[in-house]
Amino acid sequence: ETTSLGSQLQQVARLIKVLPETGYERVLFFTSSGGFDTHFTFELDPILKEVDDAVGNFVEEMKAQGKWDDVAVMSFSEFGRTMTTN
């Protein structure tokens, strides 16, 4: 089963594969994933498994393309908390 993040990273991999044809040397791709609200559970394994699987598949594809040494993967997170009581 492919998740939203997995589909996004598959598209990035396809674009990286044709990058030499574009004439660009460097590009930035942005993907996003949500659903990490854990107010009612602390069971993170299923949530993080989706991220691990998607990124793992992307790494394998980059290695297969011979591009892994040319790719930087970054992860950012924010909790969306406010200074006021909600």
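The order of Lys17, Lys63 by accessible area, most exposed first and with a 1.4 Å probe, is Lys17, Lys63.
Between Ser4 and Ala72, the distance separating the two model label sites (each 7 Å from Cα on the Cα→Cβ line) works out to 2.7 nm.
Think of it as helices only: each DSSP H run of n ≥ 4 in the chain is worth -39500 (n - 2.57), and spread over all residues that comes to -16000 deg cm²/dmol at 222 nm. Solvent-accessible area per residue in the chain equals 88 Å², computed with a 1.4 angstrom probe and all protein chains kept. Largest GNM mean-square fluctuation across Val59, Val27, Val12, computed for the chain with C-alpha springs under 10 Å, falls on Val27.
For segment 1-71, give the percent of accessible area contributed by carbon and sulfur heavy atoms, probe 1.4 Å, rounded to a whole number.
On segment 1-71, the fraction of accessible area on carbon and sulfur atoms equals 52 percent.
Only the Cβ atoms of Lys and Arg (+1) and of Asp and Glu (-1) were treated as charged; on that basis the dipole of the chain about its Cα centre amounts to roughly 280 debye.
The Rg/Rh ratio for the chain is 1.07, where Rg is the radius of gyration of the alpha carbons and Rh is the Kirkwood radius.
The residue list Thr22, Val59, Phe40 was ranked by how far each Cα lies along the charge dipole of the chain toward its positive end, using unit charges on Cβ atoms, and Thr22 comes out on top.
Please list, in order, the residues from segment 3-24 whose amide nitrogen is less than 17 Å from a point placed 7 Å along the Cα→Cβ vector of Ala64. What the label zone holds, given the 17 Å backbone N cut-off, is 3, 6-19.
The values are calculated or read from the model by the stated rules, or taken from the named source; none is laboratory data. Given the structure is predicted, the values throughout are model-derived calculations rather than measurements. FYI the Cβ positions are ideal-geometry reconstructions off the backbone, even for glycines, and counts take in every protein chain you see. Ligands, DNA and RNA are excluded from the accessible area calculation, which covers all protein heavy atoms including side chains. Shrake-Rupley method; radii C 1.70, N 1.55, O 1.52, S 1.80 Å.
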